[in-house]
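J.: The following block contains the structure, expressed as structure tokens.
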Amino acid sequence: MIAAIVQARLGSSRLPNKVLKPILGRPMIWHIMNRICQSKFLEKIIVAIPISDATSELEHFLQKNKSLYFLGNEQDVLDRYYKCAKEFNVDIIVRITADDPFKDPEIVDKAISLFLEKAPMVDYVANCSYDGSIKATYPEGLDVEVFSISCLEKMWKSAKKKSEREHVTPFLFSNKAEFSIAGFENNEDLSHLRWTVDYDIDYMFVTQVYNYLYHKKNVFLMNDILELLSRNPSLGKMNADIIRHEGYYRSLESELE
């Protein structure tokens, strides 16, 4: 079975409760799930949340929305992913983060299609990586990773560092000889664009884009946003000074302290 596992929590230090922040009257996580459910390959969408969020507003939303969800370790997200995948008998995992409200189902399907084309010779497919060995050419926020349950299990058993447990896949890139990895690129380098939500300025940018595009097309795609930014260049500059993968680099710094 191919399933998206969406990692979500309320306890973000930079922007608390961001996954439930409203965009046109609906929580951000609702929009993410609504977008990726347009995938031609995904059979299930499961939200993996921390046990600490049990009985929280997030769990109540998932229950009300009749969404599949799993309660797991708060800090050890790798453990949460693995146990969620085992609980729901997932064979191929698509990793989705709940702070990316522009997730593009066509890019998700491109990653899954490449994974299926190369299986069983490949363990992991993505369009960027923390270490840069898969060149980032899509806007931050359109990242997608696809990996097998055996790949996830190997990482779960072997990863020791806090950053490897918190960010799920860094162990794989520190031990490339143990995995078969494939990447794919966009035909134009758009990696300078920031379409994820960690700060208020990101949220302001996202809500403005939705205000422009959502009424025309509920699931607007990357090219729709690019066309909007070409007509409104100042819009794309709102949050351009924040570095890519900032949260991961903070985790690495904390390990050196």
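J.: Specify which of the listed residues (80, 95) is touching a Gly at 6+ places or on another chain (Cβ under 7 Å) and under 26 Å from residue 20 (Cα atoms). Please lay out each step first, then the result.
T.: Working: 95 fails: touching a Gly at 6+ places or on another chain (Cβ under 7 Å).
The match here is 80.
J.: Just to verify a result, which residue in the stretch 26-64, among those that are at pLDDT 95 or above and part of a loop (DSSP other than H, G, I, E, B), is nearest to residue 108 (Cα to Cα)?
T.: Among those residues, the one meeting the criterion is 39.
J.: Residue 156 passes all but one of (1) at pLDDT 95 or above; (2) within 30 Å of residue 187 (Cα to Cα); which number fails?
T.: (2)
J.: Can you give me the number of residues within the stretch 23-58 that are in contact with a Phe, Trp or Tyr (Cβ under 7 Å, 6 or more places away or on another chain), buried (at least 16 other Cβ atoms within 10 Å of the Cβ) and not small (Gly, Ala, Ser)? Before the answer, list the steps.
T.: Of all residues in the stretch 23-58, those in contact with a Phe, Trp or Tyr (Cβ under 7 Å, 6 or more places away or on another chain) come to 23-24, 27, 44, 46-49.
Now drop any that are not buried (at least 16 other Cβ atoms within 10 Å of the Cβ), which leaves 23, 27, 46-49.
With the extra rule that they be not small (Gly, Ala, Ser), the set shrinks to 23, 27, 46-47, 49.
Summing the residues that are in contact with a Phe, Trp or Tyr (Cβ under 7 Å, 6 or more places away or on another chain), buried (at least 16 other Cβ atoms within 10 Å of the Cβ) and not small (Gly, Ala, Ser) in the stretch 23-58 gives 5.
J.: Is there a residue being in a loop (DSSP other than H, G, I, E, B), out of contact with any helix residue (DSSP H, G or I) (no Cβ under 9 Å at 6 or more places or on another chain), of a type in the set (S, T, N, Q) and more than 19 Å from residue 146 (Cα to Cα) anywhere in the stretch 69-78? It would help to see each step written out before you state the result.
T.: So the first thing to find is which residues in the stretch 69-78 are in a loop (DSSP other than H, G, I, E, B), and the list is 73-76.
Now restrict to residues that are out of contact with any helix residue (DSSP H, G or I) (no Cβ under 9 Å at 6 or more places or on another chain): none.
No, that holds for no residue.
J.: Return the pairs, sorted by first residue and then second, in which the second residue is of a type in the set (Val, Ile, Thr) and modelled with pLDDT of 90 or more, the first residue lies in the stretch 155-178 and is more than 21 Å from residue 98 (Cα to Cα), the beta carbons are less than 8 Å apart, and the residues are 6+ apart or on different chains.
T.: Listed by first residue and then by second, the contacts come to 155/168; 155/169; 172/181; 173/181.
J.: Those residues that are within 17 Å of residue 47 (Cα to Cα) and among the hydroxyl-bearing types (Ser, Thr, Tyr), I need them from the stretch 1-33; list them, please. It would help to see each step written out before you state the result.
T.: Step one: filter the stretch 1-33 for residues within 17 Å of residue 47 (Cα to Cα), giving 1-12, 17-21, 26-33.
Result: 12, single match.
J.: If a residue must be surrounded by fewer than 21 Cβ atoms within 10 Å (Cβ to Cβ) and closer than 17 Å to residue 94 by Cα, how many such residues does the stretch 116-128 contain?
T.: At the first step, the residues of the stretch 116-128 found to be surrounded by fewer than 21 Cβ atoms within 10 Å (Cβ to Cβ) are 116-122.
Filter again for closer than 17 Å to residue 94 by Cα, leaving 116-120, 122.
Selection size over the stretch 116-128: 6.
J.: Can you find a residue in the stretch 179-194 that is surrounded by fewer than 21 Cβ atoms within 10 Å (Cβ to Cβ), in contact (Cβ under 8 Å) with a residue 12 or more places away in the chain and in contact with a Cys (Cβ under 7 Å, 6 or more places away or on another chain)?
T.: Yes - at least one qualifying residue is present in the stretch 179-194.
J.: On to the next question. Restricting the stretch 1-25 to residues that are in a strand (DSSP E or B) and not polar (S, T, N, Q), which is farthest from residue 196 (Cα to Cα)? Spell out the reasoning first.
T.: Step one: list which residues in the stretch 1-25 are in a strand (DSSP E or B), which gives 2-7, 22-23.
Retained after the next criterion (residues that are not polar (S, T, N, Q)): 2-6, 22-23.
On the way: 2: 24, 3: 22, 4: 18, 5: 18, 6: 15, 22: 15, 23: 14 Å.
Restricting to residues being in a strand (DSSP E or B) and not polar (S, T, N, Q), the top hit is 2.
J.: Scan (1) under 20 Å from residue 173 (Cα atoms); (2) in a loop (DSSP other than H, G, I, E, B) for the single condition residue 102 breaks and write down its number.
T.: Of the numbered conditions (1) under 20 Å from residue 173 (Cα atoms); (2) in a loop (DSSP other than H, G, I, E, B), the odd one out for residue 102 is (1).
J.: Shifting gears a bit: Inside the stretch 21-59, can you point out the residues that are of a type in the set (S, T, N, Q) and in contact (Cβ under 8 Å) with a residue 12 or more places away in the chain?
T.: Just the residues of the stretch 21-59 that are of a type in the set (S, T, N, Q), to begin with: 34, 38-39, 52, 55-56.
Of everything in the stretch 21-59, those that are of a type in the set (S, T, N, Q) and in contact (Cβ under 8 Å) with a residue 12 or more places away in the chain turn out to be 34, 38, 39, 52, 56.
J.: Which number in (1) touching a helix residue (DSSP H, G or I) at 6+ places or on another chain (Cβ under 9 Å); (2) more than 19 Å from residue 155 (Cβ to Cβ) marks the one condition that residue 33 misses?
T.: Every listed condition holds for residue 33 apart from (1).
The values are calculated or read from the model by the stated rules, or taken from the named source; none is laboratory data. Nothing here was measured: the structure is a model prediction, and the numbers come from that model. Don't worry about glycine lacking a Cβ; one is built from the backbone with ideal geometry, like all the others, and counts go over all protein chains shown.
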